[in-house]
Amino acid sequence: MINLEDIMGEMQKMKTSLQEIEAKTKHLRVTSEAGAGLVKATIDGNKKFIGIEIDESLLNKADKTMLQDLMVAAANLALEKIQDEIKREVGQVAGLPNLLQEMM
């Protein structure tokens, strides 16, 4: 027989775990680079871009398309890194179901 109090207790534990994860991951910062470091993108734990750095050598060139491609590449790499960091933090929270970890 299913005990409703046990289920509610487990749900409260999960809620607390999720709040812990959110508190930890919002302070994360990752930076990725593209074009051998010519373009760097930094993203935070809320998956918001907080910085783009462009090497001055690219600003002297007329190759706008290459610069745009490098910016997209750096940004996408930063998104992948922050997702990995969030998954790592989720994995460190004891008792959090694997299904929830896979969703992140």
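The values are calculated or read from the model by the stated rules, or taken from the named source; none is laboratory data. Keep in mind that this is a model prediction, so the values were computed, not measured. Using ideal geometry, Cβ is built from the backbone for each residue, glycine included, and neighbour counts are taken over all protein chains shown.
Yes or no, residue by residue, for (1) in contact with a strand residue (DSSP E or B) (Cβ under 8 Å, 6 or more places away or on another chain); (2) modelled with pLDDT under 85:
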| site | (1), (2) |
| --- | --- |
| Thr16 | no, no |
| Gly35 | no, no |
| Lys48 | no, yes |
| Asp55 | yes, no |
| Gln83 | no, no |
| Val90 | no, yes |
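Here Lys48 qualifies as among the basic types (Lys, Arg), under 27 Å from Ser17 (Cβ atoms) and surrounded by fewer than 18 Cβ atoms within 10 Å (Cβ to Cβ). Looking at segment 52-82 only, could you name the residues that are small (Gly, Ala, Ser) and either at positive phi or surrounded by 16 or more Cβ atoms within 10 Å (Cβ to Cβ) (or both)? Ala73, Ala74, Ala75, Ala78, listed by residue number. Taking the residues in segment 1-30 that are exposed (fewer than 13 other Cβ atoms within 10 Å of the Cβ) and β-branched (Val, Ile, Thr) as candidates, determine which candidate is farthest from Leu77 (Cα to Cα). The qualifying residue farthest from Leu77 (Cα to Cα) is Ile2.
Filter segment 31-45 down to the residues that are of a type outside the set (Ser, Thr, Tyr) and out of contact with any Leu (no Cβ under 9 Å at 6 or more places or on another chain), then identify the one that is surrounded by the most Cβ atoms within 10 Å (Cβ to Cβ). The qualifying residue surrounded by the most Cβ atoms within 10 Å (Cβ to Cβ) is Lys40.
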